[in-house]
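Structure record follows, encoded as structure tokens.
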Amino acid sequence: PPPPCSSPQEFFLSFFCTSLKCPVDWTAMPVDTMEKLQEEIRSIKAKFGSSCKLSKGEKGSPTFPFPIGVQVSVERPEAAKMWDESVDEITMKLIIGGLEVEDLSVVAATVGFPKCVAEAIADATTNEWRSKIKKGGAEKWRMDALLKWVDTNFDKLMRLVPAAVSTYEGVDASGASCRKCTLIEPTATTEVVVEEEISEEEQQRRMEEFVRREAERLVREEAEREAEAEEKRKLALAGMGEYKAPQLSKKELAALNPTRKEQAGHRMRKTAPRSSKATADEKKKVA
């Protein structure tokens with residue numbers, strides 16, 4: 001083995017190993033890459049404290065110290081407060097299997113999550129991690145940027161499997177009622193329907209087929225109506241037609257069903273009594 005702390009590679013390995021007596025190809029590891037990896041792991045460790053757990057590959061392995069594991073727990077942010085206490089954090093393990101982007105992966109180690117949800121979170125986070133590294137940036141390994149992305153997209157990650165999301169009526173910290181979300185084990189596998197790509201020729205053919213079927217349906221219904229009308233006409237001529245009660249107007253119905261007031265009749269004006277005074281003609285006759 002090389003002398004103690006004679007190079008950045010050796011200093012990095014001492015961070016994980018209790019002894020440097022292991023078969024490592026020192027010359028095969030880029031100095032700047034290993035230094036940046038060490039710096040980022042130190043930064044993550046300082047940020048998460050004792051909750052950050054580190055691991056390394058088996059001593060004596062040709063790829064030692066890889067794979068390197070960094071396990072952290074991202075707590076539920078304020079923006080995802082609609083989730084209940086069963087979803088208070090996402091525990092994930094960032095695995096660095098080598099120096100290539102394809103060697104990076106994420107395992108969701110959260111206890112209590114449905115398996116389908118944990119796998120979906122792991123896949124989405126792995127793809128995002130690799131994408132960030134390919135885009136480049138100040139950080140070579142982009143672990144801190146990835147954990148910030150998980151914090152920002154906490155709610156979206158929880159909803160990657162809609163069948164595993166359930167809601168209920170709960171209360172918030174102030175005691176007010178509100179809708180709460182939780183994770184459940186899906187009862188059935190949700191099938192993903194893939195829309196068929198239809199060419200313009202196929203669309204035109206389907207449209208012509210639809211028009212043809214509609215035209216046939218209208219002709220068929222019209223023929224049935226005509227046949228029914230002809231049958232009724234024949235029955236009517238033979239005196240076997242169905243009886244239809246005559247339709248009365250409102251005035252005729254009112255005459256058949258008079259009200260109590262109408263049944264009592266109309267009150268006539270009384271005739272005034274005869275006057276006892278003599279008229280002018282009668283006075284002339286007396287004179």
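Before moving on, here are some points about what is shown:
- Restricting the GluC sites (Glu not before Pro) of the range 87-182 to loop positions (DSSP other than H, G, I, E, B) with no more than 15 neighbouring Cβ atoms within 10 Å leaves Glu100.
- Too-long pairs where the Cα-Cα distance tops 31 Å, listed order kept, from Lys47/Lys115; Lys56/Lys140; Lys53/Lys132; Lys59/Lys156; Lys56/Lys134: Lys59/Lys156
- Using R0 = 41 Å, the C-beta based FRET efficiency linking Lys134 and Asp84 works out to 0.65.
- Calculated FRET efficiency for the pair Leu160/Glu100, C-beta based, R₀ 22 Å, to 0.05: 0.25
- Here r is the Cβ-Cβ distance between Ser177 and Lys53 and R0 is 51 Å; the resulting FRET efficiency, rounded to 0.05, is 0.85.
- Ligands, DNA and RNA left out, the 1.4 Å accessible surface of the range 122-163 is 46% carbon and sulfur atoms.
- Excluding ligands, DNA and RNA, the accessible surface per residue across the range 74-233 is 67 Å² with a 1.4 Å probe.
- Full extension of the chain between Lys93 and Glu282 gives 54.6 nm of extra length, using 0.36 nm per residue less the Cα-Cα distance.
- Positive contributions from Lys and Arg (+1) and negative ones from Asp and Glu (-1), summed over other residues with Cβ under 12 Å from the Cβ of Glu102, come out at 0.
- Listed by chain and number, the aspartates and glutamates placed with their C-alpha closer than 19 angstrom to that of Lys251 are Glu262; residues fewer than eight positions away on the same chain are left out.
- For Lys45, the aspartates and glutamates whose Cα falls under 16 Å of its own Cα, not counting residues fewer than eight places away in the same chain, are Glu35, Glu75, Glu139, Asp144.
The values are calculated or read from the model by the stated rules, or taken from the named source; none is laboratory data. Bear in mind that the values here come from a model prediction, so they are computed numbers and not experimental data. Don't worry about glycine lacking a Cβ; one is built from the backbone with ideal geometry, like all the others, and counts go over all protein chains shown. Side chains are part of the model used for accessible areas, which takes the heavy atoms of the whole protein and leaves out ligands, DNA and RNA. Shrake-Rupley method; radii C 1.70, N 1.55, O 1.52, S 1.80 Å.
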